[in-house]
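To start, the structure itself, in structure tokens.
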Amino acid sequence: VVGDDSQSIYKFRGAAISNILEFKKDFDDPKIVTLNQNYRSVQNILDVSYKVIQNNNPYTLEHTLGISKKLIANKKSTDQDNIKIISTPDLETEVNYVVTEIQKLLDSGELGFKDIAILGRANSHLEPFIKALRKARLPYQFYGNRGLYEREEINLVICLLNLLVNSSDSSNLFKCLFIDSLNIDVDTILSH
């Protein structure tokens, strides 16, 4: 039997920490083998991740069973494997910091676009970063499981179609006037 309490966030799919704890009760003295070898990351990344995960105690299997899930890297670290932890007072400051740092790295030639990624737990958490990257005119590619109707370009097409059907819909008119690709001058909008 294999179990990972970190996957118990998928309880709606049947993954729950209680499954592991009940297994120990149902079967007398099972041998527990903790898999802690990591083949993807270097040690300093694993150490910082582990430190963050410890904030979930006492609700982890590790804490409950008194085992160690601290991962050990099978990769050697390099000078480029540095980690910098930044704490910001709010989301807006965080987004601005990240976009500014990306711009600095690109301007210095230290990294190229293919070397930079922003990871988020949920697609919705990336929206502020996407908006800031657009505003800074930095190209990006978004990879995620977004629904068709959540895509901005689809919403803009629907907005335009709704405006064609009902030209007195001020909400859609307002949205359409500010579609970047239509290049409608702000002075023109304000003068009418």
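What is the distance, in nm, between label points placed 7 Å from the Cα along the Cα-to-Cβ direction at residue 48 and at residue 15?
2.4 nm
For the chain, with every protein chain kept in place, what is the accessible area per residue (1.4 Å probe, Å²)?
That works out to 81 Å² for each residue.
Just the projected area, averaged over all directions, of the convex hull on the alpha carbon atoms of the stretch 43-89: how many nm²? Could the numbers behind the result be given before it?
Details: hull surface 17.6 nm².
If you wrap the Cα atoms of the stretch 43-89 in a convex hull and average its projections, you get 4.4 nm².
Across the stretch 76-192, how many lysine pairs separated by 8 or more positions, or lying on different chains, have Cα atoms within less than 21 Å?
The number of close lysine pairs in the stretch 76-192 is 10.
Keeping the other protein chains in place, figure out the carbon and sulfur percent of the accessible area of the stretch 78-192, with a 1.4 Å probe.
Here it works out to 54 percent.
Using modelled amide H (1.01 Å from N, peptide plane; none on Pro or chain starts), what sits under 5 Å from the amide H of residue 38, excluding residues fewer than 5 places away?
So residue 38 has HN proximity to 72, 73, 74.
What is the log10 of I(q)/I(0) for the chain, computed with the Debye formula using one identical point scatterer on each Cα and no solvent, at q = 0.09, 0.13, 0.14, 0.19 Å⁻¹?
The calculated log intensity ratios at q = 0.09, 0.13, 0.14, 0.19 Å⁻¹ are -0.60, -0.97, -1.05, -1.42.
Near residue 31, which lysines are there with a Cα under 29 Å away, not counting those fewer than 8 places off in the same chain?
11, 51, 69, 70, 75
What are the ³J(HN,Hα) values, in whole Hz, obtained from phi via the Karplus relation 6.51 cos²θ - 1.76 cosθ + 1.60 with θ = phi - 60°, for each residue of the stretch 160-170 in sequence order, with x given for Gly and Pro?
Residue by residue, the stretch 160-170 yields 5, 5, 4, 5, 5, 6, 9, 5, 8, 6, 5 Hz.
Which of these, 61, 182, 91, has the largest mean-square fluctuation under a Gaussian network model of the chain (Cα springs below 10 Å)?
182
For the stretch 57-129, report the % of Cα-Cα distances exceeding 14 Å. Mind showing how you got there, number by number?
Details: 2010 of 2628 pairs.
Here the long-distance tail beyond 14 Å is 76 percent of all Cα pairs in the stretch 57-129.
From the phi of every residue in the stretch 104-121, what ³J(HN,Hα) in whole Hz does the Karplus formula 6.51 cos²θ - 1.76 cosθ + 1.60 yield, where θ is phi - 60° and glycine or proline is x?
Here the 3J(HN,Hα) series is 4, 4, 5, 5, 6, x, 5, 9, x, 4, 5, 9, 10, 9, 10, 9, x, 6 Hz.
If you bin the C-alpha pair distances of the stretch 70-174 every 10 Å from 0, what whole percents do you get?
Going out from 0 Å in 10 Å bins, the stretch 70-174 shows 11, 31, 29, 19, 7, 3, 1 percent.
Local charge sum around residue 55 (other residues, Cβ-Cβ under 15 Å, Lys/Arg +1, Asp/Glu -1)?
+1
The values are calculated or read from the model by the stated rules, or taken from the named source; none is laboratory data. Quick caveat: nothing in here was measured; it's all calculated off a predicted structure. Backbone-built Cβ (ideal geometry, glycine too); neighbour counts: all protein chains shown. Quick note on the areas: whole protein, heavy atoms, side chains included, nothing else; ligands and nucleic acids left out. Shrake-Rupley method; radii C 1.70, N 1.55, O 1.52, S 1.80 Å.
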